[in-house]
Amino acid sequence: MGADMHAYSVDLEALRRMVGSGDCELLEQLTTQIASGLDRLDAEAAGWGNLVPARQALTKMIMEPAYLDGVANLSNDAAIYIYVFKEMCEHYGKPLDNEYDMSSEWLSEVEEALDDVGVTCEPSEYFVAGDDLPLPSAFPYPIAGCIDFEVMTELRDELKPALSADVDDDVLDTVTELSEWAHECLRERRGLVWFFY
């Protein structure tokens, strides 16, 4: 995975209900509310080839329950849908601070350092892309995934002993930030959506 991660505290169930809802009023509101983000996506994607425009991707996501059937995985079009979903997270959610490398390689190093001092903690298991979001798969990036609110207590509790582990500052900083993410989501009673670039 790439090191550039954006994470959001967001009502995951509400987002899942929006996708495929067929809600015309929601679509109209969103198209207006995230217009600048959609324009930016179209400008950035101009060099990628003949892609689905961002507004068309948003329309399909909201209005067509089976929109994924028409999106080829591992394609540039797949990436547009993921970026549009990110704009929805930006609008409905709260960005979480991310000052540290959150790549799978670094999280593995964090786990190894913790294991060396007798602390079992595997945050990388929580940051695995799966079928938990109504999104296609892009290759190689972006990658999106989520942690449901119900799992946040488990993540918080797993990280707690790592916060007092005798490890170097970089490892401790990463654990601290992940713990802050978990606490923020629990305070807000929200899940977490993450995007890797």
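The values are calculated or read from the model by the stated rules, or taken from the named source; none is laboratory data. Predicted, not measured: the structure shown is a model, and the values here were computed from it. For neighbour counting, all protein chains shown are included, and Cβ atoms are generated from backbone atoms with ideal geometry for every residue, glycine included. Note: areas computed on protein heavy atoms with side chains; ligands, DNA, RNA excluded. Shrake-Rupley method; radii C 1.70, N 1.55, O 1.52, S 1.80 Å.
Highest mean first, the peptides 166-175, 66-75 sorted by other C-beta atoms within 10 Å per residue fall in the order 166-175, 66-75.
Computed about its Cα centre, the charge dipole of the range 59-197 is approximately 940 debye, with only Lys, Arg, Asp and Glu carrying charge at their Cβ. Between GLN33 and ASN50, the modelled labels are 3.5 nm apart [label points 7 Å from Cα along Cα→Cβ].
Adding -39500 (n - 2.57) for every DSSP H run of four residues or longer, then dividing by how many residues the chain holds, sets the calculated 222 nm ellipticity at -15500 deg cm²/dmol. Note on the chain: semi-axes of the ellipsoid equivalent to its C-alpha gyration tensor, largest first and rounded to whole Å, are 33, 18, 14. The long axis of helix 149-159 is offset from the longest Cα principal axis of the chain by roughly 30 degrees. Here the label points at GLU99 and ASP115, each 7 Å from Cα along the C-beta direction, are separated by 2.9 nm in the simple model.
In the chain, the longest principal axis of the Cα atoms and the axis of helix 24-33 are about 70 degrees apart.
Under 25 Å of direct C-alpha separation, and excluding same-chain neighbours fewer than eight residues apart, LYS160 reaches these lysines: LYS94. Qualifying GluC sites (Glu not before Pro) in the range 54-108, where qualification requires a DSSP coil assignment and no more than 15 other C-beta atoms within 10 Å, comprise GLU99. Anisotropy class assigned to the range 23-121 is prolate, per the alpha carbon gyration tensor with a/c at or over the 1.5 cut-off and a/b larger than b/c.
In this structure ASP131 has an accessible area near 150 Å², from a 1.4 Å probe over the protein heavy atoms. Most tightly packed first, judged by the mean number of other beta-carbon atoms within 10 Å of their residues, the peptides 122-130, 20-28, 143-151 read 143-151, 122-130, 20-28. Report, in degrees rounded to the nearest 10, the 0 to 90 angle that the Cα long axis of helix 104-116 makes with the longest principal axis of the chain. Roughly 20 degrees between the two axes.
Dipole orientation for the chain: of the candidates PHE127, PHE139, LEU107, PHE139 has the Cα lying most toward the positive pole (charges on Cβ; Lys, Arg +1; Asp, Glu -1). For the chain, the solvent-accessible area with a 1.4 angstrom probe is 49 square angstrom per residue. Note on the range 58-106: dipole from Cβ charges, positive end direction compared against ASN98, ILE62, ALA79; the farthest Cα belongs to ILE62.
Here the range 1-44 is assigned +1 on the Cβ of each Lys and Arg and -1 on the Cβ of each Asp and Glu. Its dipole about the Cα centre then comes out at about 140 debye.
Using Stokes-Einstein with the Kirkwood hydrodynamic radius over Cα pairs, what translational diffusion coefficient do you get for the range 98-141 at 10 °C and a viscosity of 1.306 mPa s, in µm²/s rounded to a whole number? This corresponds to a translational diffusion coefficient of 129 µm²/s.
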